[in-house]
Amino acid sequence: MPETKASAFDGSEKRSQVWLTSGFLTHHFQSDKHLNGNNPGLGMEYRLSEYSAFTAGRFFNSDRQHSKYVGMYYQPLSYAGVRFGAVVGGFDGYPKMRGGGWFLAAIPTATFEYQRVGVNVAIVPTYKDRLHGGISMQLKLKLFE
């Protein structure tokens, strides 16, 4: 019987990988605001396919508050081993955004993975005086597949 590819939102070959993710290191666009660029935390990523993954975690944010997130990566473009797309999800813990409650966001991302290690890079847009934009980097380690 011929082998078939399973679809996970994009027609690519199905994967079942679990990654442990770190918090973030962030370079803020508004460097004059003395924001926290060291955002320690812990999360998980479940890769469904080459292009899609679920993610969830907790970190200490730029406003020096604890934040949680849950979302989905969709990265259908690739170049030189780097996948490009966005993560869409819910975030909380930012005092000037809905009083620290949950809100939805779409954030452009790039991901590079090599064997058991990887990195996610996000370009977080500034939103009024509620969310402070920057370039964030997150390290990750593949636990199993």
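The numbers here are math on the coordinates, done by the rules we state, and not lab data. Note that the structure is a prediction, hence the values are computed from the model and not measured. Note: ideal-geometry Cβ built from the backbone for every residue, glycine included; neighbour counts use all protein chains shown.
A simple rule links phi to the HN-Hα coupling: the Karplus curve 6.51 cos²θ - 1.76 cosθ + 1.60 with θ = phi - 60°, which for the stretch 15-21 gives 10, 9, 10, 10, 10, 8, 10 Hz, with x for Gly and Pro. For trypsin sites (Lys or Arg not before Pro), the sites in the stretch 112-145 that DSSP calls loop and that have at most 10 other Cβ atoms within 10 Å are LYS128.
In the distance distribution for the stretch 43-83, Cα-Cα pairs more than 14 Å apart total 56 percent.
Note on the chain: Cα-only Rg and Dmax are 15.8, 63 Å.
The count of lysine pairs in the chain whose Cα atoms are under 30 Å apart, excluding pairs fewer than 8 places apart on the same chain, comes to 16.
Could you work out the relative contact order of the stretch 49-145, using alpha carbon pairs under 8 angstrom and six or more residues apart, expressed as a whole percent? Over the stretch 49-145, the number comes to 18 percent.
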